[in-house]
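Everything on this sheet refers to the single structure shown next.
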Amino acid sequence: MSALRWGVVTAGTLSHDFVCAVSTLPNSDHKVVAVAAQGLENAQKFAELHGIPVFYGSYEALAKDSRVDIVYIGTVSNVHYDVARMMLDFGKHVLCDKPLCINEGQTKGLLSYARERKLFCVEAIWSRFFPSYNHVRERIRKGDLGPVRQVTIELGFPISKVERIRMKHLGGGTVLDLGVNNIQLALWAFGEFPDQIAAEGILNEENVDTETDVELHFPCGGKATIKTSGEVNLSNTAIVTGTRGSIKLFDFWCPVELTDMDGTVRSYPLPNSKIECIQKNRVGMRYQVDDCRKRILAGDLESQVVPHADSLAIARVQDEIRKQIGIVMAEDYMYKP
């Protein structure tokens with residue numbers, strides 16, 4: 001296979017950083033060949049900035065472009081399902097921003113459809129591909145940490161007035177926007193699904209959450225304590241504790257630094273991109289991008305690091321949290337698990 005040819009859906013901040021991340025990988029392996037936005041002018045400006053040869057004013061036009069192998073979807077959450085389905089309809093592999101869908105029903109439907117079409121589809125939980133996650137994974141696998149018993153995770157920024165967070169019809173709330181990061185790490189660290197979930201939250205006038213406090217209890221006897229906030233900055237750390245010690249990840253959703261069991265600080269610096277990313281450490285998306293190529297070359301339909309079962313489990317936990325704190329989305333009536 002020659003270079004994997006990427007199409008990018010939307011010309012916003014997230015897509016900008018995605019293309020910057022791709023630019024750090026060899027041209028022989030990855031090329032961004034097209035971008036689409038809801039508006040031709042936005043797509044053209046984006047294409048000119050990043051040196052992308054083709055731009056479109058609609059998502060469907062990109063979907064029909066036979067020169068595109070795989071699409072990165074960086075839209076707001078409420079349209080992930082529809083846009084991803086469209087791309088699959090036209091034979092495109094899919095890497096979609098998290099959360100993959102609004103609820104478990106949508107997630108199950110999308111992943112099943114991708115399998116029917118024999119196309120690769122993965123939720124962009126790029127955190128798991130960082131070298132720092134690999135370090136923690138190896139510590140757990142080798143038994144250095146001992147059985148995991150406690151995971152403590154905080155993620156918060158003053159973003160509750162941002163439209164995608166504030167508005168229900170856009171898939172708003174911190175459960176979906178921020179909480180996916182916390183939940184995925186907790187499930188990943190314990191390697192099992194919780195048998196008890198307890199959640200509290202504060203809702204805005206749109207009846208979506210601005211803050212949550214969640215406990216996940218696992219069959220092994222361990223517990224994850226999760227906090228999200230769209231009101232204030234939190235520590236944005238994750239501490240994974242086993243019977244023999246703990247590891248602390250800083251900026252855990254994109255960590256380039258951790259404190260190891262013995263107190264040693266380990267750093268995993270990222271390369272510089274040709275154009276600077278807007279958000280912290282997003283050039284680290286390169287690790288998942290490269291994994292997509294490896295999996296597609298191998299003929300796989302899912303990632304080994306973020307398998308379909310994990311995306312379904314994350315969605316199921318999010319659904320239960322929203323249920324407990326009183327958040328009902330329109331999609332909950334339309335798509336059942």
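The values are calculated or read from the model by the stated rules, or taken from the named source; none is laboratory data. Note that this is a predicted model, so its numbers are computed, not measured. Please note: Cβ atoms are built from the backbone with ideal geometry, for glycine as well, and neighbour counts cover all protein chains shown. Protein only, heavy atoms only, side chains kept; ligands, DNA and RNA dropped before computing areas. Shrake-Rupley method; radii C 1.70, N 1.55, O 1.52, S 1.80 Å.
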Residue within region 83-92 that is over 20 Å from Ala330 (Cβ atoms), touching a residue at least 24 places away in the same chain (Cβ under 8 Å), in contact with a His (Cβ under 7 Å, 6 or more places away or on another chain) and not hydroxyl-bearing (Ser, Thr, Tyr) present: no
Within region 90-144, tally of residues that are more than 18 Å from Leu301 (Cα to Cα) and of a type in the set (A, V, I, L, M): 3
Qualifying helices (runs of 4 or more DSSP H) (wholly inside region 93-206; at least 2 residues being among the β-branched types (Val, Ile, Thr)): 131-142, 174-177, 179-190
So Val240, is it more than 27 Å from Ser160 (Cβ to Cβ) and surrounded by fewer than 16 Cβ atoms within 10 Å (Cβ to Cβ): no
Tyr333 at pLDDT 95 or above, surrounded by fewer than 19 Cβ atoms within 10 Å (Cβ to Cβ) and either in contact with a Phe, Trp or Tyr (Cβ under 6 Å, 6 or more places away or on another chain) or not charged (D, E, K, R) (or both): no
Verdict on Gly191 being of a type in the set (Gly, Ala, Ser), under 19 Å from Lys248 (Cα atoms) and open to solvent by 50 Å² or more (accessible area, probe 1.4 Å): yes
Helices (runs of 4 or more DSSP H) completely within region 229-337 that count 3 or more residues being of a type in the set (Gly, Ala, Ser): 308-325
Tabulated pairs, region 181-198, first at positive phi, second open to solvent by 40 Å² or more (accessible area, probe 1.4 Å), C-beta under 9 angstrom, 6+ apart or interchain: Gly191/Ile140; Gly191/Cys220
Condition check for Val79: open to solvent by 10 Å² or more (accessible area, probe 1.4 Å), at pLDDT 95 or above and hydrophobic (A, V, I, L, M, F, W, C): yes
Residue in region 188-196 that is in contact with a helix residue (DSSP H, G or I) (Cβ under 6 Å, 6 or more places away or on another chain) and within 16 Å of Asp319 (Cα to Cα) present: yes
Within region 303-327, considering residues that are without any contact (Cβ under 8 Å) to a residue 24 or more places away in the chain and of a type outside the set (Gly, Ala, Ser), the one most open to solvent (accessible area, probe 1.4 Å): Lys323
Filtered residues of region 35-46 (kept if more than 22 Å from the chain's Cα centre (by Cα) and either touching a residue at least 12 places away in the same chain (Cβ under 8 Å) or over 20 Å from Ser66 (Cα atoms) (or both)): Gln38, Gly39, Leu40, Glu41, Asn42, Ala43, Lys45, Phe46
Region 109-158, subset of a type in the set (Asp, Glu) and open to solvent by 10 Å² or more (accessible area, probe 1.4 Å), residue nearest to the chain's Cα centre (by Cα): Glu154
